[in-house]
1. Once you place label points 7 Å from the Cα toward the Cβ at Phe17 and Lys66, how far apart are they in nm?
2. As an exercise, use a Förster radius of 25 Å and the Cβ-Cβ distance of Ala7 and Gln76 to find the FRET efficiency, rounded to the nearest 0.05.
3. For Asn138 and Glu87 in the same chain, what is the full-extension length gain: residue separation times 0.36 nm, less their Cα-Cα distance, in nm?
Amino acid sequence: MNDSTIAHFYRKGYRIFKKSSPSNFTLLENKKDSVVVGLKSSRNDNDYWLFGTVRDTVFQFVDGIKVGMSKWKFFQTVGIDFSYNQESFTIIMTSMLQSKVSWYYHLYCSKYKDEIYCQPESFYASEYLIYFLRFKRNRISEIKVHS
């Protein structure tokens with residue numbers, strides 16, 4: 001992600017503010033959303049962070065997830081194959097590699113003998129995004145993102 005990508009995809013639905021020094025970040029904001037993206041200042045810079053709250057249907061993630069999406073379409077998109085009858089609930093999504101105690105870590109490592117991620121002595125994660133998806137009346141009503 002860079003400033004030109006942000007401007008291209010989000011200039012119609014958001015006011016975009018850029019602060020270049022000292023903590024290089026870009027803010028996307030409209031009446032309902034506030035998203036802060038910390039951008040790399042150089043190719044050698046490993047710092048990258050993102051956090052925000054999305055309540056508007058304008059913002060869409062690369063895989064199509066967005067506010068207003070039905071829980072059935074969301075489950076289909078992320079590959080969750082079970083029925084959940086609650087209309088209002090919150091889902092927390094993290095990287096599979098962020099926690100060795102998660103059910104999906106054990107599921108993945110029981111099927112694949114990944115030499116990097118499934119070995120306790122070589123397991124480490126530097127930073128991953130965490131998504132909080134709030135559902136109301138069977139639709140995504142809010143997405144919180146934090147890295």
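1. 2.5 nm
2. Values: r = 31 Å, r/R0 = 1.26.
Efficiency for this residue pair is about 0.20.
3. On the way: separation 51, 0.36 × 51 = 18.36 nm, distance 0.47 nm.
That pair, Asn138 and Glu87, stretches by 17.9 nm at full extension.
Coordinate-derived values only; no laboratory data. It should be emphasised that the depicted structure is a prediction, and the values quoted were computed from it without experimental measurement. All Cβ positions, glycine included, derive from the backbone under ideal geometry; neighbour counts span all protein chains shown.
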